[in-house]
Each structure stands twice: as C-alpha cells, then as structure tokens.
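Asks: Quick one: the structure is below, and I'll ask about it shortly.
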Amino acid sequence: MEMSCEADDLMRNMINSNPQMNILFSDNFMVVDCNPAALRFMGFETKEDMLAGFPERNKLRMPNFRLDGWASTALVERLVTAAKAGFKKFNIELLVCGVMRNLDVEFRKVPYKDSFVTMSYIYDMTEMREREMELIRVRDLNKLQLAKLNLMVKASKIGLWDMEIVQNDPVNPMNPFIYSNEFRYMLEYSNEIDFPDVIDSWINLLHPDDKERAVNDFKNHLFDKTGKTPYDIECRLSKKNGEYAYYRISGETIRDNDGNAIRVAGALVDITKTKNIILDTEMQRIKAEAASKAKSSFLSAMSHEIRTPMNAIIGMTAIARKAQDMEKMYDALKKIDGASRHLLGVINDVLDMSKIEADKFDLSITSFDFKKMLQKIADVISFRTDERRQKFHIGIGREFPAKLIGDDQRLSQVITNLLSNAAKFTPEDGTISLEAQLISEEDGVCRLLISVEDTGIGITDEQKARLFKPFEQAESDISRKFGGTGLGLAISKRIVELMDGEIWVESEPGKGSKFIFTVLLKRGSEDNIPFFPPVAVGMENEYSDVDNAMAQDEEIEYADNFANNTMLLAEDVEINREIVLALLKPTELNIVCVENGVQAVKMFESAPSKYDIILMDVQMPEMNGYEATRAIRALNTARAKSIPIIAITANVFREDIEKCIEAGMNDHIGKPLNLNEIMKKMRSYLGNL
C-alpha cells in the first residue's frame, strides 16, 4: 500500500515524534510503518526487519494463555474488530527480549484514500502493573495481618479502646472515643446502640467503691506532661446483667512536643478468675491463720485442762499414801475420783471432736426413759449448783413423752454441757432453769424443745458468732477464768443436727443467757412408765428421791455369783489385770490371766471346755486381740465357735467396735472400765449358764 508523499511525511513526523510506540497497519493488516520507539521496544534492528518479520515473531512472543488464566487473542482478530468498530482498546502480554511485558494497546481506524489504515498506540505498562500488583499484594497482606490481629485479640479476650483528644482537653466528654467489639462482648454488650462510643459508657459501669479512684488515676495520667504517671488499674465493672466482674484497664498516651496528650489508647482484660483465686487464697490464709490461732489457744487450754486434774490426781495420790487416818485417805481418794472423771470428760470431748472432723460421728439408737435420764443429769449437776448455792429448776411439759427412741447418751451429753456452762457462768445465788416441751408430733415422731436459762454474765452478738465453732470460746480469756476446752458447744451442735434439730442462743450482756435446741425423736412405748409431774421448784424439794434412784442405778449388784464360771482374761498391762481382778472379786468368778494373744490361744486350745467367757484386750504384743479372736474361732471345736469373746479397749469409735465384731468378737467394753457395764455384760453372757 503506497501513500502520497505529503501524507507519508505527515504520518512519519507524527509517529517519529511520539515517545510512545506506534505501528501502522494496512487494510490487509500488514505492518507498513512504525516509529523508532516501537522499533527499539520490539527488538528489531531496522524498520525493514520489523516490516518483514513482525507477524511471525509476534506470534512467538504471545503466550497461549494470559497470566489471569484467559486464552490469548490473536493480533489479527483484534485488528479485524478495530476495522469493523473503528476503535479497539485492549491489554496484551508479549515476550519481548526475553522479558514478559504488559502492554496497553489502542487500535484506531483512519480513512486513507479509497481504503483505511489502522494506527496502533502502544503503552508499556509493565512497571506500572507490577507496582499495582505489589500494592494489591501489600493490601491483601495487610488485610490478612489485620484479620490475624483481630483474631488474636479476640482469642486473647482483650478489649481495645482509643480516644482522640481535641482542643487540648483530655476530660472533654465529646472527645472521639472508640471501643473494639471484644470490649463490648466482654461486658456482654453486642452493639454501639447498647454501648455507645463515648467515654461515659465504661465510667458509668464502674463499681461505686472503685469509680473515684479509677477516674482520678485516668485524669492524673493524661495531665502528667512528663508521661511518668502510668495508667494501669484493677477495678470492677458491671456487666449488662448487673453482675460485677474484675478487670484490668491499661493505657498509653501519645503527646506533642509540649507534653500535651493528643491521643490515648489501651486495653481491657477480664481478671475475674485470677482475682477470685487470689481473694480465695487470701481468705483461706486468713481462715488458716485464725484456725491455727484458735487451735493454739485450744492446745493451751487443753494443757491447762489436762494438767490441772493430773496435778490433783498425782498430789492426792501422794497425800493418800501418807495419810494416817481413813477419813483423810477417803477424802483424797474422793478428790482423785473427781479429778479422774473431769480428765475423762476432757478426753471424751477431744475424741468426739476428732470424730466430728473425720465425719465419723454417729448416733446409737435405743429406747430410753427421758425423765430417768434427766434425773441422772440433775444428780451430777446438783453437786456444782450446791457448791455455788445456785437455784436449779426443772419444768417438763405435761404432754412431753415419757419414753423416747434415740441416742440417750448423746442427748444427755448436750443437756449436761448446757447445764455445766450455765453453772460455770452463773454467779453464786443465781438461778438455772431447764425446760422441756413437746412442740409437735406427726406419725409418732416428736419435735422436742429443750432450753437451759441462767442469770449469768450473758453474751454479746459478736461472741455469739463464735460460740458453736470448734476450739473457740466467746473470749480468749474465758478459758483462763472459767476453764473448759471450748469444744462442748461445737459437739452439742453436731449432736443436735444429727437429731434433725437446731441449737441457738438468746442473750444480752449482764442479763443471762438462754440456750435452746430442738430435736426429732420417735415416741417410745409408755407401758409401766410412772407419771412424772411437771416441776418448777427449788433444788431442795425437787429431787428428794433422786439420790435414792441414783443410788439404785449405781449400786453394784454383787448378788450375782459366778463361782462356777471361769473367765480367760487376755491383758498385757498388769495394772489393768489388777483392776479387773479387784472389780470382779466379789462375784467369786474364777479368772485365768494371760499377757498376749499367743498365750490366750494356747490356753484356750489346751482346755476349751474350761472357759465360759473371754475378756480380750485389743492392743497386745506378739498377737493382738483381733488376731487372737480369729485364731480361736478357727479352732476345730464347737466351743471355739460359741464362747463369748468381749473386747476391752480404749478404742471406742464406732468403726473400732465394728472392727471387733468383724474379727469374731461378741461385744465391746470401753476403757476406762465401768463396773456397771462390766456386770451388765457378765449377767448377759453368764446369767443363763
């Protein structure tokens, strides 16, 4: 295709002066001209090379598929489209001089003589596209990092906040404030409507006890131009449900050259679990210290309570040895007996408390006469009240059951403890009253109310809070002034609770005290139970026949004669053997003594028909009582299977008794030995022989 000289000159000048690449195509889509920029870019040495080799070499430069995955379109197809439409703009990738270049191309159809030419404008966009791709990559990377950061913040349960400070006014409530979603979620809010982006949103949630401190610390941090005042506090914030939780709020501030705060941002962390652990640990420490202090005081009191009767026992024993007349010796022995009983009471309290703390404190249910039990208690208490010239009254409701089913020993223990305390804390010539009433009854189960009232020193409200706790008394100096282990009321409380009742005190300082408790007990059979009328009189008239009743109960019925019976006594402690021999001497029982389980088994095996009963100590050398009992029961004789074996031991817990029964023993007698109990067992097992 030939062009006129004028047109050729005009076209060539235009093309040559264009810094961008230009290529001119004829109407049959062949390259007819190009400018120097295109020649250099396409890698041709001369225009003639380009005009001759462009089509084929261009095919080799164009990949089958673009980087975006689309198939490449042939250059001729684009020229055809431009010829039809008059204009075509597209992007193309070509391999130029070994480097893939990204080009933006425009085809414009230009009329020429009777036909047309196509002018191409080619722009090398490779570097720009690379910069765009880099920007996109960086943007995507930033989005990814931001997403990761948001995920990490959410996973770490940290709420973020940010405040811009305008017009150099840090406390302006209109300062732009922003909370992260996690901040809201931590306080159980879900959106900006419920929790607006204003500073008062979190300030209004502060606990009243924390608000002033938290706000002042925030202001001090912002106004300190040196930046040395940190903002890192612990406080309580109310959640949406009204529940308070512990949080840690911290912040850092950006300041201008003059130190003025211009922006502050920080974090919110929920520390409730950690705080509760710390508070619980501190509470446990305080409780442990209090318990340690209480037990130290208890041990001090115990030392006094044990050493005092021991001093009496040792001292009176020495006096009895040197006594020249029977009256003085009898007086010493009487005081030894009293001190021994007091010491036994102290030991029993300690054992009871240890069972309570080990959750092994149980009741032993039996049928008993309440009034008879009360008579025994009154006889013991009367010695104390008589010594202090105190008036002692008892009132029993007419409807009160005469016979009950329950643990009479434990019920007696509670009443005795309350009466003993009343006698202890009531001055001379004071009054002590015991009342017992039937409150209600349903299906034979009676709710009973028993109270002990005195005119003693009284108790403050603060003292009441400690009364029923183990190892504690109302005041630390009470044990020094009045004595006692501080266990009695704690044990009484546990006994009453086991009987499905409760115990409390009504008192004012200087106006006496009234201890009241309720219990649930079954009504027992009242056949042949004498009527015991209500009483409310002085001690002198009230118990005119009590001493006789007690004397009958405590009198040892030595009318029993066991001269035709033989006992095998297995006991390793000589003084204990001596006591049993002395106690049972009036019964004329034949007693054979051995010192350990091995001897007991051999002695019985040698003559099984000789023995009618075995008293077996549990703790003995060589072979203990459990092993000896099993060995005897294993012997191949009928007598070995049937002979009564009774344990004698200082181990008196229920599990100890059960252990004796499991070993094959028939019964149990606790130490110190009670003569009445021994005789009761002897009559039970030897009475029918």
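Asks: To the nearest 0.05, how large is the calculated FRET efficiency for residue 291 and residue 638 if R₀ is 51 Å and r is the Cβ-Cβ distance?
Replies: E(calc), rounded to 0.05, equals 0.35.
Asks: Could I ask something else about it? Of the listed peptides 587-598, 207-218, what is their order by residue-averaged count of other C-beta atoms within 10 Å, with the highest listed first?
Replies: Most protected by this proxy first, the peptides run 587-598, 207-218.
Asks: Amide H of residue 647 versus every other amide H placed in the peptide plane: which residues, excluding those fewer than 5 positions away on the same chain, fall under 5 Å?
Replies: 616, 666, 667, 668, 669
Asks: Okay, next question. How many percent of the alpha carbon pairs in the stretch 156-270 exceed a separation of 19 Å?
Replies: So the portion of pairs separated by more than 19 Å is 43 percent.
Asks: Okay, next question. Contact order normalised by length for the stretch 559-655, with contacts defined as Cα pairs under 8 Å and 6 or more residues apart; what percent is it?
Replies: Relative contact order here is 29 percent.
Asks: Give the cross-link partners of residue 89 among the aspartates and glutamates, using a straight C-alpha distance below 16 Å as the criterion and excluding same-chain residues fewer than 8 apart.
Replies: 77, 104, 106, 124
Asks: Show me the ranking of peptides 565-573, 85-93, 101-109 by mean Cβ neighbours inside 10 Å, starting with the highest. All intermediate terms of the calculation are to be shown ahead of the outcome.
Replies: Numbers: 565-573: 20.6, 85-93: 14.4, 101-109: 18.2.
Going by the mean number of other Cβ atoms within 10 Å, highest first, we get 565-573, 101-109, 85-93.
Asks: Here's something else I'd like to know. Would you list, by chain and number, the lysines whose Cα falls below 18 Å from the Cα of residue 88, excluding same-chain residues fewer than 8 positions away?
Replies: List returned: 109.
Asks: Could you tell me the center-to-center distance, by alpha carbons, between the stretch 559-600 and the stretch 192-253 in angstrom?
Replies: Cα centres, the stretch 559-600 to the stretch 192-253: 83 Å.
Asks: Would you mind checking 287/522; 148/219; 157/211; 84/113 for any pair whose Cα atoms are more than 29 angstrom apart?
Replies: 287/522; 148/219
Asks: How much length is gained if the chain between residue 167 and residue 238 is pulled fully straight, taking 0.36 nm per residue apart and subtracting their Cα-Cα distance, in nm to one decimal?
Replies: 22.4 nm
Asks: Can you give me the distance in nm between label points at residue 307 and residue 254, each placed 7 Å from the Cα along the Cα-to-Cβ direction?
Replies: 7.5 nm
Asks: Then there is this: Student exercise: in the stretch 604-682, how many lysine pairs 8 or more apart or on different chains have Cα atoms under 20 Å apart? Mind showing how you got there, number by number?
Replies: On the way: 610/641; 610/681; 641/659; 641/681; 659/671; 659/681; 671/680; 671/681.
Count of close lysine pairs: 8.
Asks: Starting from the Cα of residue 334, draw a straight line to each of the aspartates and glutamates and keep only those under 15 Å, dropping any in the same chain fewer than 8 residues away.
Replies: Partners within reach: 325.
Computed from the coordinates by the stated procedures, all read-outs in this text should not be read as laboratory data. None of these values were measured; they are calculated from a predicted model. Don't worry about glycine lacking a Cβ; one is built from the backbone with ideal geometry, like all the others, and counts go over all protein chains shown.
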